[in-house]
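Q: Would you mind keeping the following structure in view while I ask a few things?
The values are calculated or read from the model by the stated rules, or taken from the named source; none is laboratory data. In this text, all values refer to a predicted model and were calculated from it rather than measured experimentally. In this analysis, Cβ positions are derived from the backbone assuming ideal geometry, glycine residues included, and neighbour counts consider all displayed protein chains.
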Amino acid sequence: MEGAFSYAPAIAAFPLAAFVVALTFGKWMPRKGAIAGIAATAGSLLFSLWMLAAVASGEVYHETLYEWTAGEAAGEVGDGIEFTFGILIDPLSALMLVIVSLVAFLVHIFSLGYMNAEGETGLPRYYAGLGLFTFSMLAFVYADNLLMAFMFFELVGLCSYLLIGFWFRTRSAPSAAKKAFLVTRFGDYFFLIGVVAIAATFGTVAFAGDDSFVAAAETAIADGDTLFGFDAQTWVTITGLLVLGGVLGKSAQFPFHTWLPDAMEGPTTVSALIHAATMVAAGVYLVARMFGYYALSPTALAIIAFVGGFTALFAATMGVVKDDIKQVLAYSTISQYGYMMLGLGVGGYVAGVFHLMNHAFFKALLFLGAGAVIILMHHEQDMWKMGGLKEKAPVTYYTFLAGALALAGIIPFSGFWSKDEILYDALIVGLNEPVIMAAYAMGLVAVFFTGFYTFRMVFLTFHGEPRSEAAEDPHPVGWAVKVPLLTLGVLALVAGVANLAPVAKILGVDIVFLEHWLDGEYGAVEGLTYSAYGELLAYETGVIGSEQLTILVAAGLSLLLAFSGAGLAWKLYNVPEPVAHKERLGSARRTIENNYYQDEYQVWLARGFTLPLSRAADRFDQTVIDGSVNGISTASLFGSSWVKRLQTGIVTNYAALIVAGFIALLVFLGVYGGWF
Amino acid sequence: MAVFQLAEWTAMAPALILAGTALALFVFDSISPHSTNRSLLAGTAAGGALASLAVAVWFIVAGVGTPTVDGGLGEITVLSDQFVVDQMALYFMIIVAIVTALIVVASYDYLVGHAYQAEYYSLVVLAATGMSMMAAANSLVTIFIALELASLPSYALVAILKDNRGSVEAGLKYFLIGALSSAIFLYGISLVYGATGHLQLDNIAEVIAAGDADPYGGLLGLGILMLIGGFAFKTASVPFHFWAPDAYEGAPAPISGFLSSASKAAGFVILFRVFTEAFPLGDQMNALIGFDWTVAFIILAIVTMTVGNFAAATQNNVKRMLAYSSIGHAGYALIGVAGLSADGGELVMGAAMMHLLVYGFMNTGAFLFVALAEHWGVGRTFEDYNGLSRQAPIACAAMAVFMFSLAGIPPFGGFFSKFFLFMGALEASAANTAMLAVAAALVVNSALSLYYYSRLVKALWIEEPATTRDRLARPTGLYAAIVVAAVMTVLILPGFGPVVDAALDAAVAALG
């Protein structure tokens, strides 16, 4: 594997080239840029797999490629700072590279069926957007420092904006794009401040190595330093929470989750790639990337865990009442990222990353499946107009079902293993920490809702009698749709094998491959391993009875809830003519249907608070600032016309003025110098 | 590079080549007074200027002026120290040669149909000879002679459009003010001679250092002040600036560019040389004349840049606006002397020298654009220039470059020289807090200057043409000169390293 890493920049460069090609020549290409995108992402996928193999053979890569500026300014701890572009390929980023490039590759293929075959216009723009996004995401994944990560974090946000607003002639898409942009940007303000704070404190923004900010923070805490008037641990918590602002925005966690359901206005392929599998994962990935930093702060971790657990439940309840198939998936995405945050927050680094991987596969599958359903239904998204698609589109049905089982957490599908591991990690920590226990409880209850809304969606879409003409006579789907579905369907089924932790612990066999992978059994950068993080964590774990019993209790509880949720959905909706049961919710119905008035209060905040504030700022700008500027320019122009008048055009006047000016200078300097 | 094998007088080659070219043109003129062989005449003049440039560059690369301890050839003195060829002299000879070459090439088209072609070119080259000699002059006598050698042809050149009342009137005004200034300057020389008994610059410094001039402090001070008056005239600084707007407006536009770039630079080189060689700052000098003479330059710099920019702000005539802007830039360059101190000031003086080089390109280019507009006959005011970019995008793009560079906007050369001036002024403020006021004036005036420079760019690129125009001609020579000036204004940024080195070396050598 010698030298494999020198090709690492190509992983991101391929899609960038595809972006340029699609943008400049897309109009004249046979598939409007799709071929370039597919070739580029295939190249990225191959190289990513190569990197994965290289890491598996025990090597890692941490290299600075370009230093764009360096400063001498002393930080609170470090002195001098360098801002660089560099690549860090360790087990975590190698894994994520494969996930991102695989999903991007499949989505590009799927787009042939979803966009090209449906006769969309503006395809070069679409493929250029996908290419730019894939480039930014891959570069974000292997960024070796926080600032570079921030830049590409912003760039993926931009691509998200561009692609949500792809159908910019509609009313809703541009509005949704703006909302996504603004809400995530709001979180990113905190992120930016966090980056600056970390850079100013530790004089470094590197993720890995002896001169990383994580190592510097650890030293500062050990030395009992005071940073900016706080003790080191508090300051780490503050900066960590600032960075978390960006994470919550990007990963659509409460209270910044409101943009994601609206983002479904974009093409479904975009939802699959960006708003399910990859970009939304960027937030969670960032927490995993700098997990060593968060591990230093129990407060920050507890907040992450609690927000995660709360979001998991909160979003799941909203998913229950949605009628649009993509809306259900959007809320389930929010909910599932809540699980990942919960996992990371309780120190379950492996569990969080495991669920991130599984979710990328099965949620991309579900979105692409939903895309296939939308093709079948002639662009109808309301589940109440579907039904009976099971027999007419078996490939779509069975792959969708695999994704649904994984999402609901039904054994032995992949989602079960990772979700169970998260809940187990939360439970054992929660036995000693009431806050974590509350987060665990919310996560556990959310399992029931997840099972319910998932199967409500499956039954309404595929079972029963067709409820519209479109459902009776579905539009056929081609190979470009089926191949990605089948690939992801298989992964949704088997990806759990990567880390069968409960089985391993009960049977005592060593089959926790992902844990070994992330623990650096193969290759790893020092300090960025699961066990290194474990040493930093301040959590104590407990068990109910014995470890095995705890595992069985946790797994049994979540399975039971998942099955009851699915079973309730089966009872209510797996009938030939299903009807809505929302009125049974009683007074809660309105609140949930209105998404707990989250949008309303945010709009109220914008209108009632931000708008008057910006009006006042505007008035200040218009009167005081502009007034003084205008005053100065008026005075200048007046002075100018006065100076101009000195130039009379009469040469005797000039001579007189010259002599007068000279004498004035002479008198002044003569008196000043004492000549007289 | 066996320069040292040549006779010492050959060190003046850049100036001598120009003198020879001028004389050759005169000979041609006397043989064939009515020749309109423009290619031959302009070609000869341009060839002379370029040869002068090449020799000056060769000398500076070969190490003339670089102190011998640094492996250079050291300063070369000519005519018993009456002239000295050092880095600063060569640097300014280069500026003069570049501007002369640009002007001559542009004049090829500008002078179509004019009488006195040969006279024009020989006068230009003769004036350039004077400026080149000013760069090397090392005694008050040679300084005065070189200055007059530069001035007298300039008066004639301003008035060369004999059928044009404005041109003739401008020439006369320029001449009258010039005569007054020369008188003051000459009087100043005699006072300095009276106080010190010497005309050669280093001898003056020795006498002052030895304390022999101590009884004549006031006399010497008055002499110095009168010398400043002479330099202020040449550099178009307040209060000796009154000739400039009228002369530049009336003169043929290439001559305006020539005077405002090369002549100004030459004025600054003798200013730098006289004040660093003859009157070096120090406690003794201060005690002698009662104050630190930088005070005079601080006042002049602030007043000059303020008057220039404020008067330029509301002009309607483009050429007149450029004339005032040129006064403003004289104020910027004066910072280079104002920021000197007893043991420092290399940075600020080097910055002023850089600014004069960049200014040689951008200001000449701007005046050449005006020459192009005069050639087209589109008119003189901002309104007349409206929408020219539709018909002449290349020239207008070049003009935009000149304007933004003059205003000091990155990434053009003018930004960097102004930036260095600002930094130098701030550095100098450690020794002299009054420099803070100069730095502040620089910023305020730059901001104001952006107003009127961008007004012209707006007229060219954004405004609708007021009248419909015929197709505009594309005169080769003018276009070539403008494009070269624009390209240099842009490229001088990546090439700023060598320019900085050359200017700083020259400043260090001059102050050393």
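Q: Where in the range A:97-202 are there helices (runs of 4 or more DSSP H), lying fully within it, with 2 or more residues that are closer than 23 Å to A:Gly43 by Cβ, modelled with pLDDT of 90 or more and among the polar types (S, T, N, Q)?
A: A:123-141
Q: So, in the range B:147-164, exactly how many residues are in contact (Cβ under 8 Å) with a residue 40 or more places away in the chain and within 15 Å of B:Ser132 (Cα to Cα)?
A: Counting residues in the range B:147-164 that are in contact (Cβ under 8 Å) with a residue 40 or more places away in the chain and within 15 Å of B:Ser132 (Cα to Cα) gives 4.
Q: Right, something else. Got a number for residues in the range A:264-283 being over 21 Å from A:Gly403 (Cα atoms) and either assigned to a helix (DSSP H, G or I) or free of Cβ contacts under 8 Å to residues at least 40 places away in the same chain (or both)?
A: Just the residues of the range A:264-283 that are over 21 Å from A:Gly403 (Cα atoms), to begin with: A:265-266, A:282-283.
With the extra rule that they be either assigned to a helix (DSSP H, G or I) or free of Cβ contacts under 8 Å to residues at least 40 places away in the same chain (or both), the set shrinks to A:265, A:282-283.
Count: 3.
Q: Say whether the condition of being of a type in the set (Asp, Glu), in the same structural domain as A:Ser414 (by TED's automatic domain parsing) and modelled with pLDDT of 85 or more is met by at least one residue in the range A:536-546.
A: Taking every residue of the range A:536-546 in turn, none turns out to be of a type in the set (Asp, Glu), in the same structural domain as A:Ser414 (by TED's automatic domain parsing) and modelled with pLDDT of 85 or more.
Q: Show the residue pairs that are 6+ apart or on different chains and have beta-carbon atoms under 9 Å apart, the first residue being within the range B:131-146 and touching a residue at least 60 places away in the same chain (Cβ under 8 Å) and over 14 Å from B:Val192 (Cα atoms), the second being crowded, with 24+ Cβ neighbours inside 10 Å and of a type in the set (Asp, Glu).
A: Close Cβ pairs satisfying both conditions: B:Ala136/B:Asp86.
Quick grid of which residues meet (1) under 20 Å from B:Phe297 (Cβ atoms); (2) over 12 Å from the mean Cα position of the chain (by Cα); (3) acidic (Asp, Glu); (4) crowded, with 24+ Cβ neighbours inside 10 Å:
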site	(1), (2), (3), (4)
B:Asp343	yes, yes, yes, no
B:Leu347	yes, yes, no, no
B:Gly350	yes, yes, no, yes
B:Met354	yes, no, no, yes
B:Val358	no, no, no, yes
B:Ala366	no, yes, no, yes
B:Ala371	no, yes, no, yes
B:Trp376	no, yes, no, no
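Q: Continuing with this model, one more query. Those residues that are more than 30 Å from B:Ala287 (Cα to Cα) and within 7 Å of another protein chain (Cβ to nearest Cβ), I need them from the range A:650-676; list them, please.
A: If the condition is that a residue be more than 30 Å from B:Ala287 (Cα to Cα) and within 7 Å of another protein chain (Cβ to nearest Cβ), then A:Val651, A:Tyr654, A:Ala655, A:Leu657 are the ones that fit.
Q: Follow-up. How many of the residues in the range A:631-648 are of a type outside the set (S, T, N, Q) and either surrounded by 17 or more Cβ atoms within 10 Å (Cβ to Cβ) or within 7 Å of another protein chain (Cβ to nearest Cβ) (or both)?
A: Restricting attention to the range A:631-648, the residues satisfying the condition of being of a type outside the set (S, T, N, Q) are A:631-632, A:635, A:637-639, A:642-646.
When the remaining residues are screened for being either surrounded by 17 or more Cβ atoms within 10 Å (Cβ to Cβ) or within 7 Å of another protein chain (Cβ to nearest Cβ) (or both), the result is A:637, A:639, A:643-644.
Here the count works out to 4.
Q: Mind checking which helices (runs of 4 or more DSSP H) fall wholly inside the range B:268-352 and carry at least 1 residues that are farther than 30 Å from B:Tyr216 by Cα?
A: Working: elements: B:283-289, B:294-313, B:318-338.
Because the criterion is at least 1 residues that are farther than 30 Å from B:Tyr216 by Cα, the helices (runs of 4 or more DSSP H) in the range B:268-352 that meet it are B:294-313, B:318-338.
Q: State all residues of the range A:585-630 that are away from every other protein chain (no Cβ under 14 Å) and under 30 Å from B:Ser449 (Cα atoms); if no residue qualifies, say none.
A: Correct list: A:Ala617, A:Asp618, A:Arg619, A:Phe620, A:Asp621, A:Gln622, A:Thr623, A:Val624, A:Ile625, A:Asp626, A:Gly627.
Q: Quick one: is A:Ala492 at pLDDT 85 or above, small (Gly, Ala, Ser) and over 27 Å from A:Ile551 (Cβ atoms)?
A: no
Q: Let me ask something else about it. Looking only at the range A:1-38, count how many residues are of a type in the set (A, V, I, L, M, F, W, C) and over 21 Å from A:Gly122 (Cβ atoms).
A: Summing the residues that are of a type in the set (A, V, I, L, M, F, W, C) and over 21 Å from A:Gly122 (Cβ atoms) in the range A:1-38 gives 9.
Q: Consider only pairs whose beta carbons are under 6 Å apart and that are at least six residues apart or on different chains; among these, list those whose first residue lies in the range B:457-471 and is in contact (Cβ under 8 Å) with a residue 40 or more places away in the chain and whose second residue is part of a helix (DSSP H, G or I) and surrounded by fewer than 16 Cβ atoms within 10 Å (Cβ to Cβ).
A: What qualifies is B:Ala466/B:Glu383.
Q: Follow-up. So for the range B:437-451 (the condition being closer than 30 Å to B:Ser107 by Cβ and surrounded by 19 or more Cβ atoms within 10 Å (Cβ to Cβ)), does at least one residue qualify?
A: Yes - at least one qualifying residue is present in the range B:437-451.
Q: Same structure again: Determine, yes or no, whether A:Gly556 is within 28 Å of A:Tyr440 (Cβ to Cβ) and loosely packed, with under 13 Cβ neighbours inside 10 Å. I'd like the intermediate steps shown before the answer.
A: Details: within 28 Å of A:Tyr440 (Cβ to Cβ): yes; loosely packed, with under 13 Cβ neighbours inside 10 Å: yes.
Answer is yes for this residue.
Q: May I pose another question? Scan B:Phe412, B:Phe382, B:Phe369, B:Phe416 and give me the residue that is among the aromatic types (Phe, Trp, Tyr), in contact with a strand residue (DSSP E or B) (Cβ under 9 Å, 6 or more places away or on another chain) and touching a residue at least 60 places away in the same chain (Cβ under 8 Å).
A: Of the residues listed, the single one that is among the aromatic types (Phe, Trp, Tyr), in contact with a strand residue (DSSP E or B) (Cβ under 9 Å, 6 or more places away or on another chain) and touching a residue at least 60 places away in the same chain (Cβ under 8 Å) is B:Phe382.
Q: Does A:Met437 count as surrounded by fewer than 17 Cβ atoms within 10 Å (Cβ to Cβ) and either of a type outside the set (Val, Ile, Thr) or at positive phi (or both)?
A: So A:Met437 passes the test.
Q: For residues in the range A:2-59 being surrounded by fewer than 19 Cβ atoms within 10 Å (Cβ to Cβ) and in contact with a Pro (Cβ under 7 Å, 6 or more places away or on another chain), which is farthest from A:Ile87 (Cα to Cα)?
A: It comes out as A:Lys27.
Q: Another question, if that's okay. Can you tell me which of A:Val671, A:Val651 is out of contact with any strand residue (DSSP E or B) (no Cβ under 8 Å at 6 or more places or on another chain) and over 30 Å from B:Gly290 (Cα atoms)?
A: Result of the check over A:Val671, A:Val651: A:Val651.
Q: Starting from residues that are outside any loop (DSSP other than H, G, I, E, B) and not hydrophobic (A, V, I, L, M, F, W, C), keep the ones in the range B:452-482 and report whichever is surrounded by the most Cβ atoms within 10 Å (Cβ to Cβ).
A: Among those that are outside any loop (DSSP other than H, G, I, E, B) and not hydrophobic (A, V, I, L, M, F, W, C), it is B:Tyr453.
Q: Residue by residue through the range B:288-299, note down the ones that are within 8 Å of another protein chain (Cβ to nearest Cβ) and at negative phi.
A: B:Ile289, B:Phe291, B:Val295, B:Ala296, B:Ile299
Q: Could you name every one of the helices (runs of 4 or more DSSP H) located completely within the range B:165-236 that has at least 3 residues being within 12 Å of another protein chain (Cβ to nearest Cβ) and out of contact with any helix residue (DSSP H, G or I) (no Cβ under 7 Å at 6 or more places or on another chain)? Quick ask: steps written out before the conclusion?
A: Details: elements: B:165-196, B:201-210, B:217-235.
Counting at least 3 such residues, we get B:165-196.
Q: Would a scan of the range A:340-356 turn up a residue that is at pLDDT below 90 and hydrophobic (A, V, I, L, M, F, W, C)?
A: Checked the range A:340-356: no residue is at pLDDT below 90 and hydrophobic (A, V, I, L, M, F, W, C).
Q: Please list, ordered by residue number, the helices (runs of 4 or more DSSP H) wholly in the range A:578-667 having 1 or more residues that are of a type in the set (Val, Ile, Thr).
A: Here the list reads A:588-593, A:598-604, A:626-646.
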